[in-house]
Amino acid sequence: MNDPHVAKMMGFVAGCGDAKMLRQIAENAEAKGVPELAQAARRKLYSILPGEDPGTIEYAVWQSIFALEDVLKQERGKTIRLSRTRQKIGRQGVVRCVADLVVGPASEGFRMLLERDMLELSFEAIALQFPDEFEPGVLAAARQRLVDAGYPPP
C-alpha cells in the first residue's frame, strides 16, 4: 500500500461513521482493485452497524451477523438475512444461539468467515472473548474449531 491516495482513504475509513459511505468506498475499492481498502471499509462498517454497546456479547454477535449478511449480499447480489439465527436470538438469546452453533458442526457462516480471513468475527471467537457466559464444553469446542482452522484462539 504505497499509494498515498489509498493511505489517505484508509485514514478516512478509520474515522468514518457513515454506513452508506463505507459501503460505497468498499464497492469503489473493489472495482478499482484495491482489496485492502475494501476490506478496511467493510470491517469498519461491521463495527458501526450494531446498535448494542461495544464490548458486550450482544454487540459482538450482531457484528458477526452483519458481516455474514454482507458477505451473502456480495455473493448473491441481493440482501439475505440470517432469519433463523435472528429468530433464535429472539427466542433464546445470544448466549444460547452462540453455544448451539459452536457445539454443532461447523456452520456455513464459519466457513465463509474463514475464507475471508475474518474468524475473529466467528461465534467461536466470540465465545472465547466472553468465557464467563459459556460452559467449559462450549469453550473447548470453540477453541478446537479455531485451532483446526489454523486460527490462534485468544
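Coordinate-derived values only; no laboratory data. Keep in mind it's a predicted model, so treat the numbers as computed, not measured. Glycine gets a Cβ as well: all are built from the backbone with ideal geometry, and neighbour counts include every protein chain shown.
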> Counting alpha carbon pairs within less than 8 Å and at least 6 residues apart, what relative contact order, in whole percent, applies to the stretch 1-48?
Replying inline: 40
> How many nm is it between the label spots at Gln144 and Ala14, if each spot is 7 Å from the Cα in line with the beta carbon?
Replying inline: 4.0
> Lysine pairs in the chain with alpha-carbon atoms under 23 Å apart, 8 or more places apart or on different chains: how many are there?
Replying inline: 14
> For the chain, what relative contact order do you get, as a whole percent, if you take Cα pairs closer than 8 Å and at least 6 residues apart?
Replying inline: 15
>> For a quick check, take a GNM of the chain with Cα springs below 10 Å and name the residue from Phe66, Phe12, Phe123 with the largest mean-square fluctuation.
In response: Phe12
